[in-house]
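The values are calculated or read from the model by the stated rules, or taken from the named source; none is laboratory data. As the structure is a computational prediction, the values presented were derived from the model and not from experiment. Glycine also receives a Cβ, built like all others from the backbone with ideal geometry; neighbour counts cover every protein chain displayed.
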Amino acid sequence: MVEKFVGAGLSRFEDHRLVTGEAKFMADIPLPDCLEAAFIRSHFAAAEIKSIDTSEALKIEGVQAIFTASDLTNIEPALTRDFYNLTPEFVERHSVELRAYREPLLALDRVRRVGEPVALVIATDRSIAEDAAELVDIEYQELPAVADILSALDPDAPLVNPEVPGNVDATFEVSVGTPIRNMPSHLRQLFRTFRIGRSVGCPIENRGVMAKWDPEDSRLTVWSSTQIPHLLRSYIAESLRSETEAIRVIVPDMGGSFGGGVYPEEVLIPFAARELGKPVRWLEDRTESLVNARHSRDLSIDATLLYDDAGTLHALDLDIRQDTGAYNPFGLTLPFNIASHARGPYSIENFGARGVCVLTNKTRNTPVRGAGRPEATFVIDRLIDMAARSLSIDPAEIRKRNLIPSDAMPSDQGMLYRDGAPLIYDSGDYPDQLRKALDLAGYEDFRERQVEFRALGRAVGIGISCHVEATGIGPHEDARMTVNESGKVLVYTGSCPHGQSHETTLAQIAADELSVSPEDVVVYSRDTDLVPLGVGTFGSRSAVTAGSVVQQASVSLRERLLSLASEFLECAESDLVLQGGKVSPKDAPHLGLSFGELAKKASSQSETPLSRPSDLALEVEERFSPSAVTFGSGTHIAIVEVDTDTGLVTVLEYFVVADCGTIINPLVVDGQQHGGIVHGLGNMLLEESDYDSFAQPMTTTFLDYLLPVALDIPPMTVLHSPHPTPLNPLGVKGAGEGATASAPAAIANAIVDAVSPTPIDLTEMPISPCRLIELLRPSI
Amino acid sequence: MKNSFRSHRTVSLTVNGNDHSALVASNRTLADFLRENLELTGTNLGCEQGVCGACTVLLDGRSVRSCLTLAAQAEGQSVTTIEGLSKQGEPLHPVQEAFSRFHALQCGYCTPGFIIAVLELLDEPVPITRDLVRERLSGNLCRCTGYQNIISAVMSLLENET
């Protein structure tokens, strides 16, 4: 029996360099004579720029250049909208209206948010650049700003962008089954407005960009902490009016990300390097990061749920309003993700959703871990708990009555997904998952313990949330694979990690197909010169797309190895066996050729008698294009205690049953679950990027924007109940974001359960201790 | 350096067992000194505001934020950074090994700071409980792991001791 590596909890190959300090993050890369950059950013949420005077700053010794918008005459930000070209059918069916989108690289005559870059100072070191930035004199004429959705939608509101009437930038409409207005009037109805606060991705490493101009090749090498090196390469090339081949993007070791996209800094630093003919580096600081990057969520959602006296759900209707900030690079991605996930694993035949992206004078909204799923799950799972309470049904029982039964799978949801394919839950067993989760958490026992807690005056409660998660979106991922003369298997793929363990998990996949040890597989994924095409790591897509293409390419490489060995050994392929890095005749293992020997022979093709040498080169390229997203799912149960004097919530225990399909490496998948839960916990209890009514950011350090710490976390128990998907050869589903989807809802439901019988209407995320006290004691 | 208005001073200290003496700007942080003067880039900067703990190093055995400590304040003292735990080619330090075995890191950016904080914790002359581990590591932020595997890695080291 050959050892299988898919499914094994191998320690990661990435770890050694990371635990020893040998890893090379952006700030660690030595680049001789590198200049340093500092950005001058707007302090106003809305203002006209009257004048910019750089003369004093330019006198500082060490200052090399100061760029303002008027210096950017020969470049222009590329037009972006979404990573996906929405299909005409999708646009028609879901009544999509989208504006073309261009975010200025540097503000010319108007700033639209605090933090918007106005000028770029380049100096011999960062402190000089920052000191010089202080001396640049910018005269602003402040304008009225809009800081939230309601004020932006007021007919008299100032326009964030004169080209966007009514501050509404993108809209869509989804209608499945009977519209809610035509539903029978005897049904019970719940209506709530949910507020989802603005949160920030907050990787522990800030962003960074470095660029070097090579005049001999007329090429720019750009290092960036990005999730999408190939898309960034195209964006830079188009913006700088350069050939794509003239840009090389390299991604160093990356200290997390949690949210993607391209940013103006990623064009401006390469531009400066080209203009000055010298390497330039910009390292974002924490305040810049908290104000400018990876803001997400920030929604107001009106939701109506129709259900009957038996607790059966009949219809859900949503009005989704997203505070998009001043620019909208992701179009309707987030609100449409909410519509796509709003019904979760529940059977709700009639569904309507209308989404609008509302411009405000805040930082742009981008997808961050979960990207619409936590918001959608919060809304439906809170509503279901409210419905249960109105009928005096236990929250577990109402879910049992409404989860899509396993014999109704796959389940067509009657709408399209963002990729243009029908939205179909492809596989899974949601009722079984709930049963397992209730057992795991000891749900029935808890109800007895709860009585004892109450007798002691302790408010302890339990909350359930069930989610689905679309994972592995296309359009494709590519892989090139080869064998070198030392016999190592080399994998090149465009999906570029920032903590996801590609070097280990992709090696496990290749090792199984090629019957080698994962240590003999080397994964390259951080350099656009090594892999011609790639898409990136986001949307829980890498295991699905990169994993599948590596599997495909491994199969092709295996065929090449067999074919080549067959020629050299003069032996039929069917009589050959691959094992331990060798291809050998089944009956004469000692005559086998090692992968290294085959590589040597393949590279000296003149010695071979083969008529079609190109077919036998030991190099293969494959592309995997998923036909549709595959749906992971999870059931979460949280047990929390509320201090009803202070409003402090402590999560005591946490249980998850997850369906991530085939598991490549359980250590890695559990790690994603833990991290996702705690991200969701932070979003529910601690994190909010706050703005005042003038659209001034209030949370600009980690002392104001609180991330969960070790003391905030409960023991987490994760159980897997995998249902491999038929949509890819490995049967894998994405695992990166699902846990974030349910954690806020499970914790919120547990809070409400803990303080019952005092009824609270918990419709907001996050909930601070102060707000919880207000809900508990409205008279205060 | 170029800015004449900055005062400089000579700092002598020991880093990972090696003696160093250097002329540094008075306002140079210990983190920048380690990273730029000594090219010890294993100490990572996450906030430069003293909150995230990524830049934690030991100064005479006590953990400090190297972003909030001036190089000059380390005069005459002994600094331990992540590079001091296992030299190239040597086996990993037990804390490093446990972090890998328990998958206590994902992106790994916060990891050197955590490992240094664990070193200090393991030196405590008090019984180390799970709750004490949670408390002592709450000065370090991690966005990837959710902390559980970090705590498990530390607890495994205690089990080995007894």
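Data table
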| item | result |
| --- | --- |
| Any chance B:Glu83 is assigned to a helix (DSSP H, G or I), in contact with a Ser or Thr (Cβ under 9 Å, 6 or more places away or on another chain) and more than 10 Å from chain A (Cβ to nearest Cβ) | no |
| Within segment A:426-468, considering residues that are touching a strand residue (DSSP E or B) at 6+ places or on another chain (Cβ under 6 Å) and among the β-branched types (Val, Ile, Thr), the one farthest from A:Asn728 (Cα to Cα) | A:Val460 |
| Index of the failed condition, B:Val126 passing every other in (1) free of Cβ contacts under 8 Å to residues at least 12 places away in the same chain; (2) facing chain A (nearest Cβ under 8 Å); (3) not aromatic (Phe, Trp, Tyr) | (2) |
| Residues satisfying the stated conditions in segment B:19-32, i.e. more than 14 Å from chain A (Cβ to nearest Cβ) and touching a helix residue (DSSP H, G or I) at 6+ places or on another chain (Cβ under 9 Å) | B:His20, B:Ala22, B:Leu30 |
| Lone qualifier among B:Thr43, B:Thr56 - being facing chain A (nearest Cβ under 9 Å), in contact with a strand residue (DSSP E or B) (Cβ under 9 Å, 6 or more places away or on another chain), touching a residue at least 24 places away in the same chain (Cβ under 8 Å) and surrounded by 21 or more Cβ atoms within 10 Å (Cβ to Cβ) | B:Thr43 |
| Matching residues in segment A:352-385 - criterion: being more than 19 Å from A:Val174 (Cα to Cα) and within 16 Å of the chain's Cα centre (by Cα) | A:Arg364, A:Asn365, A:Thr366, A:Pro367, A:Val368, A:Arg369, A:Gly370, A:Pro374 |
| Matching residues in segment A:298-339 - criterion: being under 14 Å from A:Leu359 (Cα atoms) and charged (D, E, K, R) | A:Asp298, A:Arg321, A:Asp323 |
| Conditions (1) out of contact with any Phe, Trp or Tyr (no Cβ under 7 Å at 6 or more places or on another chain); (2) within 14 Å of chain B (Cβ to nearest Cβ); (3) surrounded by fewer than 18 Cβ atoms within 10 Å (Cβ to Cβ); (4) not hydroxyl-bearing (Ser, Thr, Tyr): number failed by A:Asn74 | (2) |
| Filter result for A:Ser495 (touching a His at 6+ places or on another chain (Cβ under 7 Å) and not assigned by TED's automatic domain parsing to the domain that holds A:Ile747) | yes |
| Hits in segment B:129-138 - residues which are crowded, with 18+ Cβ neighbours inside 10 Å and more than 8 Å from every other protein chain (Cβ to nearest Cβ) | B:Arg136 |
| Subset of segment A:701-746 (residues that are in contact with a Ser or Thr (Cβ under 6 Å, 6 or more places away or on another chain), at pLDDT below 95 and within 14 Å of chain B (Cβ to nearest Cβ)) | A:Gly736, A:Glu737 |
| Residues satisfying the stated conditions in segment A:193-247, i.e. farther than 20 Å from A:Gly260 by Cβ and either basic (Lys, Arg) or within 14 Å of chain B (Cβ to nearest Cβ) (or both) | A:Arg195, A:Lys212, A:Arg219, A:Arg241 |
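Conditions (1) acidic (Asp, Glu); (2) over 30 Å from A:Ser563 (Cβ atoms); (3) in contact with a Phe, Trp or Tyr (Cβ under 9 Å, 6 or more places away or on another chain); (4) away from every other protein chain (no Cβ under 14 Å), marked per residue:
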| site | (1), (2), (3), (4) |
| --- | --- |
| A:Pro422 | no, yes, no, yes |
| A:Gln450 | no, yes, no, yes |
| A:Ile462 | no, yes, yes, yes |
| A:Ser501 | no, yes, yes, no |
| A:Leu506 | no, no, no, yes |
| A:Val523 | no, no, yes, yes |
| A:Thr528 | no, yes, no, yes |
